[in-house]
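The values are calculated or read from the model by the stated rules, or taken from the named source; none is laboratory data. Just so it is clear, the model here is predicted, and its values are computed rather than measured. Positions of Cβ are generated from backbone atoms using ideal geometry, with glycine treated the same way; all protein chains shown enter the neighbour counts.
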């Protein structure tokens, strides 16, 4: 019996104006997946994450969440699967403290006491290696620390509603703009949250960085010209004969991938 995907995209297309970003894309995410979504800039990788998260509607195609077809966007109704998202630029509220950022949904949409929410925030900050910073503002933190705070926010859940806890995390360029050491901290944290802390065992990650691809992904999907051009295990990128994935991984100017304007 074939395993049912947690998330399944069938024939998904998306255009912005006259620019067709995704063209009949099929993609599955399974329980326990560490899926890397890679490809040249502008090929729809972040758009796929936003469609999976229910933040952006596709123009065509179907999205199934644990076998149930999604109707509308995530805000239009409850789903059986909790999905957390870590945005590329951390997307923290500058005017709020770390505590208020991480606990934002609980402060706004739960009946928990402020004391209990602060305890839950500190628990999540401990998980990402940032204890005791709840009273700081985002501007007081380094870029890497801001990314980790955004991780803490993504894994925050209401203990009174365990069914809403995130079961899958979506990471959009989590190491973009970070130095190699800070990137390693983030890469290790992504794996830690999957295997050690048991927050959720499944995730999809969009990244360009080779170290992040190799350290965080088990399976890869390569997007180019709006379509899935290649997929396989991360170790297979070194042995595949596919010219597009070989060019992408080597950074060569020679090959089927052409820069815009060339």
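Quick one: count up the residues across the range 178-198 that are over 14 Å from the mean Cα position of the chain (by Cα) and either outside any loop (DSSP other than H, G, I, E, B) or in contact (Cβ under 8 Å) with a residue 40 or more places away in the chain (or both). Break it down into steps so the answer makes sense when it comes.
Step one: of the range 178-198, the residues over 14 Å from the mean Cα position of the chain (by Cα) are 178-185, 188, 192, 195-198.
This time we only want the ones that are either outside any loop (DSSP other than H, G, I, E, B) or in contact (Cβ under 8 Å) with a residue 40 or more places away in the chain (or both), so: 180-185, 188, 192, 195, 197.
Number satisfying all stated conditions: 10.
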Fill in the blank from the handout: All-but-one check, residue 203 against (1) under 13 Å from the mean Cα position of the chain (by Cα); (2) assigned to a helix (DSSP H, G or I), failing number (2)
Practice task
Just name the residue that is surrounded by the most Cβ atoms within 10 Å (Cβ to Cβ) out of those in the range 132-149 that are over 15 Å from residue 96 (Cα atoms) and within 23 Å of the chain's Cα centre (by Cα).
Solution key: 147
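Need at least 3 residues that are surrounded by 20 or more Cβ atoms within 10 Å (Cβ to Cβ) and on the phi < 0 side of the Ramachandran plot per element, so show me which strands (runs of 3 or more DSSP E) inside the range 12-131 make the cut, counting only ones lying wholly within it. Steps first, please.
Numbers: elements: 19-29, 34-38, 60-65, 82-86.
Fully inside the range 12-131 and qualifying: 19-29, 34-38, 82-86.
Here is a list: 152, 217, 204, 182. Which entry is touching a helix residue (DSSP H, G or I) at 6+ places or on another chain (Cβ under 9 Å) and surrounded by fewer than 22 Cβ atoms within 10 Å (Cβ to Cβ)?
Working: 152 fails: surrounded by fewer than 22 Cβ atoms within 10 Å (Cβ to Cβ); 217 fails: surrounded by fewer than 22 Cβ atoms within 10 Å (Cβ to Cβ); 204 fails: surrounded by fewer than 22 Cβ atoms within 10 Å (Cβ to Cβ).
That would be 182, the only listed residue that is touching a helix residue (DSSP H, G or I) at 6+ places or on another chain (Cβ under 9 Å) and surrounded by fewer than 22 Cβ atoms within 10 Å (Cβ to Cβ).
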Exercise for the section: Six or more apart or on different chains, Cβ under 6 Å: which pairs go from a residue in the range 89-109 that's over 16 Å from residue 155 (Cα atoms) to one that's modelled with pLDDT of 90 or more and buried (at least 18 other Cβ atoms within 10 Å of the Cβ)? Could you list them? Expected result: 93/101; 94/138
Practice task
Could you tell me whether the range 108-120 includes any residue that is over 22 Å from the mean Cα position of the chain (by Cα), modelled with pLDDT under 85 and over 22 Å from residue 174 (Cβ atoms)?
Solution key: yes
